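Input: a single structure, listed below in structure tokens.
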């Protein structure tokens, strides 16, 4: 559990750094183009990369915080035991889906090791790494949610998080 909490803290800090990079990259492009009349080559691709990375890495944090769409109002209409089984099924399905994404990302990277992106000439493995890391983090968080729900032996109550 201590390792998982450390991983979650690292994910939060990484998301903050990625958010800052996502904001500062277009700002630097505006300053370079507007003040110095020298556009930053590849700034759009770099900002897009930061957005993709933030999305994939941050998804596990959103999952852990209960921010994913859960259709809680519909679940509330189901009696407790079937709702518990439904939640377990949803979490098992999530682990399977994110596991498939993880394997697909690894296979894609393995098949494109010599390729690179067009503008920044970034190695393809680096460009696809957020998918693999994010999928792995989602597998871990969803499996942790499954273990928590299984251990409780009852369904999670409504916990909509609006942040």
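Read the figures in this text as sums done on the coordinates, not as results from a lab. Nothing here was measured: the structure is a model prediction, and the numbers come from that model. As a convention, Cβ positions derive from the backbone with ideal geometry for all residues, glycine included, and neighbour counts pool all protein chains shown.
A few points about this structure:
- Cβ-Cβ FRET estimate between residue 41 and residue 76, R0 fixed at 41 Å, reported to 0.05: 0.20
- Fewest-first ordering of 149, 117, 142 by other beta carbons within 10 Å of each residue's beta carbon gives 117, 149, 142.
- A Gaussian network model of the chain, with springs between Cα atoms under 10 Å, assigns the largest mean-square fluctuation among 102, 85, 131 to 85.
- GNM flexibility winner over the chain from 139, 31, 62 (Cα, springs under 10 Å): 31
- Rg/Rg_globular for the stretch 41-163, with Rg_globular taken as 2.2 N^0.38 Å and Rg from C-alpha atoms: 1.30
- The chain: angle of helix 2-34 to the longest principal axis, Cα-based, in degrees nearest 10: 30 degrees
- Stretching the chain fully between residue 115 and residue 88 yields a gain of 5.7 nm (0.36 nm per residue, less the alpha carbon separation).
- Rg/Rh for the stretch 102-163, where both radii come from Cα atoms and Rh is the Kirkwood radius: 1.24
- For the stretch 12-109, alpha-carbon Rg over 2.2 N^0.38 Å: 1.59
- Most mobile listed residue (79, 26, 130) in the chain, GNM with C-alpha springs under 10 Å: 79
- Helix 80-111 axis, angle to the chain major axis (alpha carbon atoms, nearest 10°): 30 degrees
- For the stretch 118-133 and the stretch 1-22, distance of Cα centres in Å: 20 Å
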